[in-house]
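Peer 1: One structure follows; several queries about it will come next.
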Amino acid sequence: MDIISRVNDLLEAADDFCLATVISSVNEKLPLGSKSIILDNGSLENGCGIKDLDDLISGFGQQVLEKKKKQMVEVKEGITIFFDIIGRQANLIICGAGHIGVPLAKFAVSLGFVVTVIDDRPDFANPDRFDHCNVIANDFIETLQSINIDKSSYVVLITRGHEHDKDCLAQVLPCETAYVGMIGSRRRIRLVLEQLSQEGFSDERLHGVFSPIGIPIGAETPEEIALAIAAELVTVRRLGAERTRSLRNAILT
Amino acid sequence: MEDKVLFKKIERLRKKGLGSCLATIVKTQGSTPRDVGAKMLVTVNSEFYGSIGGGCGEKQVFSAALRCLLVSKQPELVNVDLTDDLGIKGGDVCGGKIQVFVEPFFPAEKQT
């Protein structure tokens, strides 16, 4: 199978993988540009057939995946390989197709997210309002149960009422996600989180929810709030959840 | 632009019988606009998708990509120096160096 087709197939799966490309070589068996794939479980595809080299490449590939650091490595004298990490495209699920949802979807699409918008009000969850998005006009919970939520998913809860936000949160919390953020004033958020805590959700998981949502940039209008949320999504994607929290805290103190 | 979009694009162009060239930053030194792994895809009709940092450095890589797509038909490792000016000559102001691997992808029948 052609390596690019294989890369595209793997991109449909959830796990990151390593794409190793020969970028300088003195070995004829390893021409410039030749590629192999190293999966999360260590298995190597499309190797060169020389066992020592394949083992070496597979080992480095696994290290790169573990450390999450793309890099070039001279694996052997005269042979340099670039180990790239290729991952599933980040997807954003927006619950609530209201005033903030519209600009947020627009920002997120241009930032490279695959965006799904959910609302139970067909007038709001209207594809005409959301270019290049997957728009679902249906019950929140039913929809969240039916769509794929995984570790490349970013979930933003901005429905019209806290009851909906709470129900959506309860639905999303058991899933492994990249990000969950919920809108609301500190007081109302506290009430929602307390309620869910009483319902048995772990504090660790509840504290992981980004709330109040968005990087604190003093946002007021729906567009500004959407920008603050989009900035938070980018920060989590690029720097990780922990550093995003430090950034938020640094601004707020 | 996401990697996924670019890899899909390579495949789609190939199916149409068109070649394209992928440029990937494999090493950076000093201050650079994009990190290792940033990619740009250049097509035979000089269209480009994604970015490896913009400015003159990107232009240099763009030319290298077209060269390897149309002339040499071979992959190439390109060194781009962004340190030799302060933007005075219309160059890049970041001040670092990048190494970029450019590799052509041809439609199946043209592959050797």
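Peer 1: Working only within the range A:3-50, note down all residues that are closer than 20 Å to residue A:80 by Cβ and exposed (fewer than 13 other Cβ atoms within 10 Å of the Cβ).
Peer 2: A:26, A:28, A:29, A:31, A:49
Peer 1: If you don't mind, there's one more thing I want to ask. Across the range B:1-30, what is the number of residues that are more than 14 Å from the chain's Cα centre (by Cα) and at the interface with another protein chain (Cβ under 9 Å from one of its Cβ atoms)?
Peer 2: The number of residues fulfilling the criteria is 6.
Peer 1: Among all residue pairs at least 6 apart or on different chains, which show Cβ distances below 6 Å where the first residue, located in the range A:65-76, is at the interface with another protein chain (Cβ under 8 Å from one of its Cβ atoms) and the second is part of a strand (DSSP E or B) and of a type in the set (A, V, I, L, M)?
Peer 2: A:70/A:85; A:72/B:26
Peer 1: From the residues in the range B:65-106 that are of a type outside the set (Phe, Trp, Tyr), modelled with pLDDT of 90 or more and assigned to a loop (DSSP other than H, G, I, E, B), which one is surrounded by the most Cβ atoms within 10 Å (Cβ to Cβ)?
Peer 2: Among them, the one singled out is B:75.
Peer 1: For the range A:160-200, which positions are under 22 Å from residue A:99 (Cα atoms), without any contact (Cβ under 8 Å) to a residue 24 or more places away in the chain and in contact with a Leu (Cβ under 7 Å, 6 or more places away or on another chain)?
Peer 2: Selection gives nothing.
Peer 1: Something else: Hey, could you check the range A:77-101 for residues that are away from chain B (no Cβ under 14 Å) and farther than 13 Å from residue A:156 by Cβ and say which is surrounded by the fewest Cβ atoms within 10 Å (Cβ to Cβ)?
Peer 2: Among those that are away from chain B (no Cβ under 14 Å) and farther than 13 Å from residue A:156 by Cβ, it is A:77.
Peer 1: Looking at the range A:104-216, what strands (runs of 3 or more DSSP E) fall wholly within it and have at least 1 residues that are of a type in the set (S, T, N, Q)?
Peer 2: Passing ranges, in order: A:114-119, A:134-137, A:153-157.
Peer 1: Kindly provide the set of residues from the range A:1-55 that are under 26 Å from the mean Cα position of the chain (by Cα), among the aliphatic types (A, V, I, L, M) and more than 11 Å from chain B (Cβ to nearest Cβ), ordered by number.
Peer 2: Answer for the range A:1-55, where residues must be under 26 Å from the mean Cα position of the chain (by Cα), among the aliphatic types (A, V, I, L, M) and more than 11 Å from chain B (Cβ to nearest Cβ): A:13, A:14, A:20, A:37, A:38, A:39, A:44.
Peer 1: Does any residue in the range A:5-16 that is outside any loop (DSSP other than H, G, I, E, B) come within less than 6 Å, Cβ to Cβ, of a residue that is crowded, with 18+ Cβ neighbours inside 10 Å and not hydroxyl-bearing (Ser, Thr, Tyr) six or more places away or on a different chain, and which pairs are these?
Peer 2: A:7/B:7; A:8/B:7; A:10/A:17; A:11/B:4
Peer 1: Follow-up question, since we're still on this one. Out of the residues in the range A:51-70 that are among the aliphatic types (A, V, I, L, M) and closer than 14 Å to residue A:22 by Cα, which is surrounded by the fewest Cβ atoms within 10 Å (Cβ to Cβ)?
Peer 2: Looking at residues that are among the aliphatic types (A, V, I, L, M) and closer than 14 Å to residue A:22 by Cα, I get A:56.
Peer 1: So, one more: Got at least one residue in the range B:15-36 being assigned to a helix (DSSP H, G or I) and not hydrophobic (A, V, I, L, M, F, W, C)?
Peer 2: yes
The values are calculated or read from the model by the stated rules, or taken from the named source; none is laboratory data. These numbers come from a predicted model, not from an experiment. Methodologically, a virtual Cβ is constructed for each residue, glycine included, from the backbone with ideal geometry; neighbour enumeration extends over all protein chains shown.
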